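S.K.: I have a structure I would like to understand better, so I am pasting it below and will then ask my questions one at a time.
The values are calculated or read from the model by the stated rules, or taken from the named source; none is laboratory data. Since the model is a prediction, treat every value here as computed from it, not as a measurement. Backbone-built Cβ (ideal geometry, glycine too); neighbour counts: all protein chains shown.
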Amino acid sequence: MKKNRNVGIIGVGQSVYSSHREDVNQPEMIHEAVVEALESAGITLDDVDCIVHGNMELFEMVHQPDLWHVLGTGAYGKECLRVTTGGTTGATLVCAADHLVASGLHDVVLVIGFEKLQEGHTTGGITNMADPLWGRQLQTGALTGMTAAQMIDEFGEERAKKVAMKYRIIMDKHAMKNEKAHRRLGLEFDQADDLAVNSPALVGELRMIHMCSQSDGACAMVFASEEKARQLCDQPAWIKDHITAHREEMFCLFGDAPVLPTQRYAAKKLFERCGIQNPREEIDLFEMYDPSSWWGPDWLREFLLLEDDEHLKMIENDEITIDGAFPINPSGGVIASNPIGATAMVRVAEAALQIMGKAGGHQVPKTVNQALASGFGGTMWTVLTLLTRQVPW
């Protein structure tokens, strides 16, 4: 899997994430992230060869938004690509930028993911994308109680609920350290029982407190060839590898056939080709796309190739906290901020900031040599990216 040339992330910019960014229009909000990313990389738009832009177009219901957004992206007169792959859009943007630079086509690429969900109808977009009869189980997007039911069935109601709520509170404690996060609630562990009872129910055991919200926000990143990255950045975050795994959902009257989750499939394949034998020891942190605090623990098992209840013990033993043995989402994760077209990209951006030592108040206390970031979307699609402190090849 050796690439034509190494690619480094040399700049990251993010807007403030909020439920309603009514103070700015879409190009202005994007411009916040672009300016910060360029300043972070120490370059100007004149140094950028190509701009890659992405969002969930049907959520704002604006066709070809990249044309309007030139006012905020600075893409006028430059090569520009627009990418949309559902919830994985942000991670696919990263893959596209990596390929554009690694191929030698461009030396410096600016990537922008955004969503301004208050200006559209997210639920309307999701519920109208599939056949109302055959695809009805797909029409909820991330809003599903199936994982909660499965965890309760496997580990018992009391333990499963406690783990899900502890995971949620840990994520909020991380978000409180991130000044740009949307949901910063100041939760405490002694509130767990009250939250489990009083938070509004959504589906089954999935409650409002467990679930990610929808956010307005933008993320921008600068990717550069190894030569340029070494010139411009003291410590780039190098892209070692990434993998995309799709699985179209199939349903029948007699229940679903056993399938290998795309999370485990992608992780197993990525680790094998990168020589990672013990991910918990060889990877320093994980920015996971966790749409709810039920899916977060469940997917932890798949991504780290764990068995039995090892993933629950990691949460119960505080291993996933910002100063724990294996930090998960020091930024607060998707439950804290969810600008859908950028969400998966924010995972990579935050992992890069940790390697670069520029995560600010939510910087983990240890040196980050390898970081993992995941994206989720579509019909259980996974994009997994591995970043390193050292040049990969």
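S.K.: Looking only at residues in the stretch 196-217 that are surrounded by fewer than 18 Cβ atoms within 10 Å (Cβ to Cβ) and free of Cβ contacts under 8 Å to residues at least 40 places away in the same chain, which one is nearest to MET56 (Cα to Cα)?
M.R.: In this case the residue turns out to be MET208.
S.K.: Do you know which residues across the stretch 323-342 are assigned to a loop (DSSP other than H, G, I, E, B) and crowded, with 21+ Cβ neighbours inside 10 Å? Let's see the steps before the verdict.
M.R.: From the stretch 323-342, those assigned to a loop (DSSP other than H, G, I, E, B) are 323-327, 329-332, 337-339; that's our starting set.
Correct list: PRO327, ASN329, PRO330, SER331, GLY332, SER337, ASN338, PRO339.
S.K.: Determine which member of the set GLU350, GLU287 is farther than 21 Å from GLY378 by Cβ, of a type in the set (Asp, Glu), crowded, with 24+ Cβ neighbours inside 10 Å and in contact (Cβ under 8 Å) with a residue 40 or more places away in the chain. Steps first, answer last, please.
M.R.: Details: GLU287 fails: farther than 21 Å from GLY378 by Cβ.
Answer to the selection: GLU350.
S.K.: Take the residues in the stretch 352-393 that are in a loop (DSSP other than H, G, I, E, B) and of a type in the set (Ser, Thr, Tyr), then tell me which one is modelled with the highest pLDDT.
M.R.: Going through the stretch 352-393, the residues in a loop (DSSP other than H, G, I, E, B) turn out to be 357-359, 363-369, 378-380, 389-393.
The next check asks that each one be of a type in the set (Ser, Thr, Tyr); those that pass are 367, 379.
Values: THR367: 97, THR379: 71.
Filtering first and then ranking leaves THR367.
S.K.: Condition first: in a loop (DSSP other than H, G, I, E, B) and within 22 Å of the chain's Cα centre (by Cα). Now tell me which residues in the stretch 83-106 satisfy that. Let's see the steps before the verdict.
M.R.: Looking only at the stretch 83-106, we keep the residues that are in a loop (DSSP other than H, G, I, E, B), and these are 84, 86, 88, 103-106.
Listed by number, the residues that qualify are THR84, GLY86, THR88.
Residues are listed down the side, and each one gets a yes or a no for (1) touching a Ser or Thr at 6+ places or on another chain (Cβ under 8 Å); (2) under 23 Å from THR85 (Cα atoms); (3) among the small types (Gly, Ala, Ser):
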residue	(1), (2), (3)
GLU281	no, no, no
ASP284	yes, no, no
TRP295	yes, yes, no
VAL348	yes, yes, no
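S.K.: Within the stretch 218-233, can one find any residue that is assigned to a loop (DSSP other than H, G, I, E, B), in contact (Cβ under 8 Å) with a residue 60 or more places away in the chain, out of contact with any helix residue (DSSP H, G or I) (no Cβ under 9 Å at 6 or more places or on another chain) and exposed (fewer than 15 other Cβ atoms within 10 Å of the Cβ)? Write out each step before concluding.
M.R.: Initial filter on the stretch 218-233 (assigned to a loop (DSSP other than H, G, I, E, B)): 233.
Going one step further and asking which of them are in contact (Cβ under 8 Å) with a residue 60 or more places away in the chain, we end up with 233.
Now drop any that are not out of contact with any helix residue (DSSP H, G or I) (no Cβ under 9 Å at 6 or more places or on another chain), which leaves none.
Checked the stretch 218-233: no residue is assigned to a loop (DSSP other than H, G, I, E, B), in contact (Cβ under 8 Å) with a residue 60 or more places away in the chain, out of contact with any helix residue (DSSP H, G or I) (no Cβ under 9 Å at 6 or more places or on another chain) and exposed (fewer than 15 other Cβ atoms within 10 Å of the Cβ).
S.K.: Determine whether GLY135 is at pLDDT below 85 and crowded, with 17+ Cβ neighbours inside 10 Å. Reasoning before the result, please.
M.R.: Values: at pLDDT below 85: yes; crowded, with 17+ Cβ neighbours inside 10 Å: no.
Considered against the rule, which asks whether it is at pLDDT below 85 and crowded, with 17+ Cβ neighbours inside 10 Å, GLY135 comes out as no.
S.K.: Can you tell me which condition GLU287 does not meet? The list is (1) modelled with pLDDT under 95; (2) touching a Lys or Arg at 6+ places or on another chain (Cβ under 6 Å), and all the others hold.
M.R.: So GLU287 meets the others, but not (1).
S.K.: Follow-up. Tell me yes or no: at least one residue of the stretch 184-192 is at pLDDT below 95, over 30 Å from GLU119 (Cα atoms) and either surrounded by 18 or more Cβ atoms within 10 Å (Cβ to Cβ) or among the small types (Gly, Ala, Ser) (or both).
M.R.: Yes - at least one qualifying residue is present in the stretch 184-192.
S.K.: Then there's this: Among the residues of the stretch 72-90, what is the count of those that are crowded, with 21+ Cβ neighbours inside 10 Å and touching a Phe, Trp or Tyr at 6+ places or on another chain (Cβ under 8 Å)?
M.R.: 3
S.K.: Can you tell me which residues in the stretch 39-71 are modelled with pLDDT of 95 or more, among the β-branched types (Val, Ile, Thr) and either buried (at least 24 other Cβ atoms within 10 Å of the Cβ) or within 17 Å of PRO27 (Cβ to Cβ) (or both)? Working first, answer last.
M.R.: Applying the first criterion (modelled with pLDDT of 95 or more) to the stretch 39-71 yields 39-53.
Next, only the ones that are among the β-branched types (Val, Ile, Thr) stay: 43-44, 48, 51-52.
If the condition is that a residue be modelled with pLDDT of 95 or more, among the β-branched types (Val, Ile, Thr) and either buried (at least 24 other Cβ atoms within 10 Å of the Cβ) or within 17 Å of PRO27 (Cβ to Cβ) (or both), then VAL48, ILE51, VAL52 are the ones that fit.
S.K.: What is the one condition in (1) among the small types (Gly, Ala, Ser); (2) under 21 Å from the mean Cα position of the chain (by Cα); (3) modelled with pLDDT under 95; (4) surrounded by fewer than 21 Cβ atoms within 10 Å (Cβ to Cβ) that ALA149 does not satisfy?
M.R.: Failing condition for ALA149: (2).
S.K.: Consider GLU248 against the criteria (1) at pLDDT 95 or above; (2) on the phi < 0 side of the Ramachandran plot: it satisfies all of them except one. Which criterion is unmet?
M.R.: With respect to (1) at pLDDT 95 or above; (2) on the phi < 0 side of the Ramachandran plot, GLU248 is out only on (1).
S.K.: Which one of these does CYS80 not meet: (1) part of a strand (DSSP E or B); (2) within 14 Å of PHE223 (Cα to Cα); (3) without any contact (Cβ under 8 Å) to a residue 40 or more places away in the chain?
M.R.: All conditions pass for CYS80, except number (2).
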